[in-house]
Amino acid sequence: MEIETKLHPAIKNNKMKKLLFITLVVAAFTAFKCNDIRHITGAVFGSDDKLPIPGAQVKINGSNTEGVFADKRGIYTIDISDRDSKLVFSFNGFKSKSISIGKTDTLNIFLDPDDNTLTQANSGRFKINKPHDEKTKPAGDTGNNNQLMELASPPYNLKKPGTGQSLNDYQNQAPVINSHVPNLSAQKNSGNRYDLIKKRPFLVKPYSGGNSMESYQPIFENSFNNPKEVPLSTFGIDVDPASYSNVRRFINSGKLPPANAVRVEEMINYFKYDLAAPNQNQPVAITTEVSSAPWNPNHRLVRVGLKARDIDNSQLPASNLVFLLDVSGSMAAPKKLPLVKTAMKMLVSRLRPQDRVAIVTYSGQAGVQLESTPCDMRDLIFGAIDHLQAGGSTAGAEGIKMAYAIARENYISGGNNRIIMATDGDFNIGRSSDGDMENLIIHERYSNVPITILGVGMGNLKDSKMEILADKGNGNYAYIDNLSEAKRALIDGFASTLYLVAKDVKLQVEFNPVRVQSYRLLGYEDRMLNNEDFNNDMKDAGDMGSGHTVTALYEIVPQGYNDEYSNNDDPLKYQHPKNKPASPYANELMTIKFRYKEPDSGYSKMTTAVVQDMPASFNSCSSDFRFASAVAEFGMLLRNSPFKQSANYEQVITIARNARGKDEDGYRSEFVRLAEIARSLAGNRLYTSNY
């Protein structure tokens, strides 16, 4: 009994431990079941056109988090728990929709257009409500949604939802090059529908494992067109260099840039090219070159180069400048407001006594930091700049309106009137969406005051907003990542950045089907115009400053060469070729027309140039031609373009290194170094160079 008495408490404790363990296991299992994580997936489409909505937001109802964003195909995946009952789907220009989850793990959603932003016009097209500048879109379903689905993310073939294809098949379908789909941006009846899809803002989620919330407009690359079906290519020029310096920032930080940050035309036009200057009677001259494409020597590569007239600095008109500076809390980082302050002081040091500067700042609200002041009072201007400090939220729209008001008050007739805005683009008070900012800047641009946008910072750079502001505000956009780039944009490129020589510059190219089987414009996706816009002087296009150069590249599949980019349809039995060019035009490859306006004129002038089908060997071409082709190839590689063909980093490096020319400023040598770093970041793969 004595021993039994001693064992009894141990036995009792052991039973209690077992009971407690079982209770805890049951509780844990119950808690796990109550908070079981489910993976909900699906796609978001517009109910009007059945096209995917890239960047649509999906969040849990009642949650304070931002949720997730649909990818470029409109596909999303979100994790929920059993206690979550609804998901909210939203996107600018569409009505938000709250959906009960139920037991299904697959939700395909169709959002209705918001009548407050989209209205149907009498012409049978949609119009986005914007003061003075309306974009159109065909209404009514034509029954050809399969083709429209293909064009939503060209050149991918994506089947129409609801045709029996499973979502998994839809998600995992390999991209297939579709060279025969017409380029919607070149089509009179379809271009505006493509434009509406193209301009939906796309929020790039964290890249390379980082915590970035940078935003970029989606880029749907121009595809190959058959000149018999699409004989004209029409677009406005682009002189913005922002994409290249932003790409450089990514690569120097050890990351490859997101594809939508790579705008090929801006990469090419970052560099200066030695082009023939116009004569005294014209503000712009045109130069062309034809050779083979390095990434496919069987294809032609045509370079169209424009050169604006140089204005002697002593002849520059007086300037009325308004500095519009973001001083919100997001600008506190060393490479934001401190960099901007130094850059602005560098610019002021360059200005003359007859020039004037005003400073408008915005954070929680906008205010005038300095009234318009002549530049012989530099100490006063410097003091106002030194006084700037970052803090608060970002009322960007209010600041923009105030800056335009100050510019109008001090307008110099025949002078250089311009707003210079420096920001990371992170507007969060008042009108802040991309659509809101576009409407605002279109309304304000009728002040006849262009705007220069200087983007700064990283991590939350709103490239999409700044690109819209520059494009729609008759301006230009540069990304400033260091003082060297600030000097390049504001000091070295002083006249070309700030002084207008030609405005609303447009190009229209007609291709000869006897010589051209198909063609593709490299870049300029957000500058494409309808064909009728070329002769419409009310249609806005890009501007050129003093000494500016612009390069556009066309890749051409010549007649007689068949590949995946050619028209491989069987010959028709009952149809005969028509519109065959007369013999005088038989050797012509293409005819280029370009329009421009004098800075103080509302009417355009036109010049033409004919390009003969006489390609030179690649190595005998100018160093500028070869270097521009290397930059274009680099851009296609960074984008992982479906049109890159045999492009490779080793070839880019070899061509660029041999085409540096004088390179007095060292930018071309820097490009070679960036390409070498990008090659390493891409995986150190081995390539064979064609040149």
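Since every read-out is calculated from the coordinates, none of them should be taken as a lab result. The model shown is predicted, which means the values in this text are computed figures rather than measured ones. For neighbour counting, all protein chains shown are included, and Cβ atoms are generated from backbone atoms with ideal geometry for every residue, glycine included.
Side notes on the structure shown:
- Binned Cα-Cα distance frequencies in segment 317-482 - 5 Å width, integer %: 2, 10, 20, 24, 22, 15, 6, 1, 0
- Cα-Cα over 30 Å, subset of LYS336/LYS644; LYS50/LYS103; LYS272/LYS465: LYS336/LYS644
- Amide hydrogen neighbours beyond the local backbone of LEU370, cut-off 5 Å, H modeled: ILE359
- Residues with amide H under 5 Å from that of LYS95, placed H, sequence gap 5 or more: ASP112, ASP114
- By the Stokes-Einstein formula, at 0.692 mPa s and 37 °C, segment 37-111 with its Kirkwood radius over alpha-carbon pairs has D equal to 270 µm²/s.
- In the distance distribution for segment 256-308, Cα-Cα pairs more than 19 Å apart total 49 percent.
- From most to least packed by mean Cβ count within 10 Å, the peptides 271-281, 477-487, 497-507 give 497-507, 477-487, 271-281.
- Stretching the chain fully between SER100 and LYS345 yields a gain of 82.6 nm (0.36 nm per residue, less the alpha carbon separation).
- Between GLU670 and ASP376, the contour length at 0.36 nm per residue exceeds the Cα-Cα span by 102.1 nm.
- Per-residue packing, averaged as other Cβ atoms within 10 Å, sorts the ranges 670-677, 633-640 into the order 633-640, 670-677, beginning with the highest.
- In terms of overall dimensions, the C-alpha atoms belonging to segment 433-552 reach 51, 32, 32 Å along their principal axes, ordered largest to smallest.
- Peptide packing: for 611-623, 291-303, the average count of neighbouring Cβ atoms within 10 Å per residue gives the ranking 291-303, 611-623, highest mean first.
- Extension gain, SER253 back to ASN448 (0.36 nm per residue minus Cα-Cα distance, nm): 66.3 nm
- More than 17 Å apart - percent of Cα-Cα pairs taken over segment 78-117: 36 percent
- Computed over segment 317-482: relative contact order in percent, which uses C-alpha pairs under 8 Å that are six or more apart: 26 percent
- Here the simple spin-label model places points 7 Å from the Cα toward Cβ, and for THR288 and ILE677 these points are separated by 3.9 nm.
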